[in-house]
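Accompanying notes for the structure given below.
The values are calculated or read from the model by the stated rules, or taken from the named source; none is laboratory data. A quick note: this is a predicted structure, and the numbers were derived from the prediction, not measured. Cβ atoms come from the backbone with ideal geometry, glycine included; neighbour counts cover every protein chain shown.
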Amino acid sequence: MPTTDPNVIELEKELGRAEPPTPEGEDKNPSRWADPWVRRLAVAAGAILVIAVVALLAYYHNRVSTDDAEVDGHIVPIASKISGTVAEVLIHDNETVKAGQVLVRIDPRDYQARVDQAKAAFLLAQARARGAEVGVPLTKETTDSTTSGADAQLAAAQANYDKSKFSFERDSTAELAFARDNVAAQQANNDRAQADLARMKPLVEKGEISQQQYDAYVAAARVADSQLSAAKEKLSSAEKGAEIAQESMLAAKAQVAQARAMVEQSMANHKQVTIHEADHDSANAAVAAAQADLEAAELQLSYATIVAPSDGVVTRKSVEAGQIIQPGQGLFTLIPLNDVWVTADFKETQLAKVRPGQKAEIDVDMYGKTIDGYVDSIAGATGSRLSLLPPENATGNYVKVVQRIPVKILLDPNSADKAILRPGMNVEATIITK
């Protein structure tokens, strides 16, 4: 039982062993909650913890993340389009090149010879085409001139024939009939004169008429005989004239036929114009074919110089100077590092609120940096369905497994300059859904 003596208590206080008196039934060591500062600190800490939990819940509520993501890009295999001997290699493995930069040269002499040969064939085809082009109007003008001359000759021959025919008809009808009638008339006159002379001869012998009268009958008989001879000569001449007119008519007719044949021949020569036009078209087609051959040869020659199709890094170089290569043989691979993206495989349960255009963050382990980006598109099928051997679930041993769907994330150009991303790098992708 503790002492109550004041002197003892004072002595114990001095010695540091004194204990303050406690009321009856009260705890000797009181609780810390009795201190108001402790209570205030506890309330503040609880409030901070609640705020932190609410903030974290709000932060991660609109974010989906996956570490099953990698950097993708264009892998451009560079191969030769022609066969030949490598004359020069101007690159090294893992070297950065620019678009249009010459990388490899193949010996171009064989292809240059083909270009020269094709160029000569092209020039020859052009010359033939020009000759054919000149021949078309020349043939047309010649045939037109021949046709005009033949038409003129036909017209002249036809006019000559008509004239000869008219002369023949005239000589063989009117003049010949007149000559015949004249012969008949003179024959009658001659017969009468001769009869009169025959009757007068006995009379003159008997002296019944004078000698002068008889001489008159003799003269009349001679005149009638002469007129009959002249009429006969005219008839013979008319008959010969008719024959000559007939021959002239036949000759003119032959000339008409000959002129008509020349016209027909000139008309047939017009087909030569069509033939020359066809030759001209054929020559133009030959020019086009020769030009195509020349362009093909020049294209083959251009393949002897291999240039970079875009900016990138050369890798897996397998070509050396002096090597004989074949068309399609791979020489190296070009990787454009300025055109890469991220393919993130999210679980199907994470994509309910994911839409194209949403902001994304890419955590790169290599640099320890975060690169901004945005969702470009979501694949149309799961990764397992797009694999080489998709799973077959119709065997009865189906087990439901959460599938992953690839999401393509493009990098923000301003943020992508912070780090160089190479295809195949593993990254962590986070999509902010709101």
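Which of the residues that make up region 340-385 are surrounded by 14 or more Cβ atoms within 10 Å (Cβ to Cβ) and of a type in the set (D, E, K, R)? Of everything in region 340-385, those that are surrounded by 14 or more Cβ atoms within 10 Å (Cβ to Cβ) and of a type in the set (D, E, K, R) turn out to be D345, K359, E361, D363, D372, D376. Please return the ranges of strands (runs of 3 or more DSSP E) entirely within region 330-376 where 2 or more residues are more than 30 Å from G100 (Cα to Cα). The strands (runs of 3 or more DSSP E) meeting that bar are 340-347, 359-364. Within region 206-222, residues that are assigned to a loop (DSSP other than H, G, I, E, B) have Cβ atoms under 7 Å from residues that are surrounded by 16 or more Cβ atoms within 10 Å (Cβ to Cβ) and of a type outside the set (S, T, N, Q) in these pairs: I209/M200, counting only partners at least 6 apart in sequence or on another chain. Does V183 meet the test of being modelled with pLDDT under 80, over 40 Å from the mean Cα position of the chain (by Cα) and hydrophobic (A, V, I, L, M, F, W, C)? Yes, satisfied. Here's a check for you: in region 80-109, which residue that is in a loop (DSSP other than H, G, I, E, B) and of a type in the set (K, R) is surrounded by the most Cβ atoms within 10 Å (Cβ to Cβ)? For region 80-109, the residue satisfying everything is K81.
Report yes if A120 is exposed (fewer than 13 other Cβ atoms within 10 Å of the Cβ), in a helix (DSSP H, G or I) and within 30 Å of the chain's Cα centre (by Cα), otherwise no. It is true that A120 is exposed (fewer than 13 other Cβ atoms within 10 Å of the Cβ), in a helix (DSSP H, G or I) and within 30 Å of the chain's Cα centre (by Cα). What pairs come up if the first residue lies in region 227-245 and is over 16 Å from Q186 (Cβ atoms) and at pLDDT below 75, the second is of a type in the set (S, T, Y) and assigned to a helix (DSSP H, G or I), and their beta carbons are under 7 Å apart, counting only those six or more places apart or on different chains? Close Cβ pairs (under 7 Å, with a partner that is of a type in the set (S, T, Y) and assigned to a helix (DSSP H, G or I)) amount to A242/S172; A245/S164; A245/S167; A245/S172.
Close Cβ contacts (under 6 Å, 6 or more residues apart or on different chains) running from residues in region 78-106 that are touching a residue at least 40 places away in the same chain (Cβ under 8 Å) to residues that are exposed (fewer than 13 other Cβ atoms within 10 Å of the Cβ) and outside any loop (DSSP other than H, G, I, E, B) comprise T85/I324. With respect to T139, determine if the residue is under 24 Å from A288 (Cβ atoms), β-branched (V, I, T) and at pLDDT below 95. Yes: the conditions hold for T139.
Of all the residues in region 45-71, those that are of a type outside the set (D, E, K, R) and modelled with pLDDT of 80 or more number 10.
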